[in-house]
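What follows draws every value from the coordinates through simple rules; no lab data is involved. Everything numeric in this text was worked out from a predicted model, so none of it was measured. Cβ coordinates were reconstructed from backbone atoms using ideal geometry, including for glycine residues, and neighbour counts include every protein chain displayed.
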Amino acid sequence: MLARKRRRPRIPSEPFAMSTVPTQPAQKSGKNTILIIAAVAVVVGGIGAATLLLGRQPSDVGSLGKTDVGGLQELAVIQAQLRPLRACGIEYGERGRRMKSGSHTSVWVSACENDRFAGVRIEVPTSRQVEGVAFDLERSSVSELWKILVDKNQVPFPELKRTLEQLTPYLVEEIPSRLAQAIEAKVAADRERQKHQAAEPARREASKNSYPE
């Protein structure tokens with residue numbers, strides 16, 4: 001018998017289709033898209049934060065999330081008693097949870113800017129001390145009403161009012177003399193320092209010339 005003739009495999013005229021692989025420009029485009037989205041998110045976040053900050057009213061909200069309740073009619077008597085004081089800041093009570101600052105046994109009184117003096121600490125008698133109540137009183141000049149800043153989530157209004165009523169008569173009595181003494185001592189210390197600085201060049205010159213040639 002004759003051997004069968006083998007068929008030669010048919011070679012297709014065109015190569016088989018291959019799976020499409022993303023080219024390098026496509027990958028770069030994807031990365032650029034991610035970067036653009038991230039940049040937009042940062043900008044939007046920044047605008048949102050700025051809007052929140054600008055939207056806060058200084059007359060209503062104080063530092064550290066405290067609210068100004070100085071305009072309440074129930075505190076009008078307190079305002080009238082404290083307004084004549086030559087001071088622009090009063091801080092009372094402990095604040096903070098871990099790193100606590102302030103004290104319920106003393107009051108820090110700040111002078112106004114034109115006095116060029118920081119302030120003075122005044123001890124509070126035991127009978128007038130209140131624990132668990134913290135507030136800040138602030139104003140820019142003695143002609144203004146006080147901002148009474150308090151964390152409304154931590155201090156109930158009856159407790160705040162009671163503390164102010166206990167402290168105010170004592171503060172009205174003590175602050176003028178204590179603050180005046182502290183300012184006078186500061187002025188005297190500044191005068192002495194300026195005098196020493198003015199005499200320093202002459203002292204140095206005399207010391208240098210005291211050695212024999």
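Phi angles of segment 157-164 translate, via the Karplus equation with coefficients 6.51, -1.76, 1.60 and θ = phi - 60°, into HN-Hα couplings of 4, x, 5, 4, 4, 5, 5, 4 Hz per residue; Gly and Pro are given as x. If R0 is taken as 25 Å, the Cβ-Cβ distance between residue 126 and residue 76 corresponds to a FRET efficiency of 0.30. Note that segment 64-213 carries a Kirkwood radius of 17.6 Å, evaluated over its alpha carbons pair by pair.
Across segment 130-213, Cα-Cα distances exceeding 17 Å account for 70% of all pairs.
Pairs of Lys residues in segment 67-200 are counted when their Cα atoms are under 24 angstrom apart and they lie 8 or more places apart or on different chains; the count is 6.
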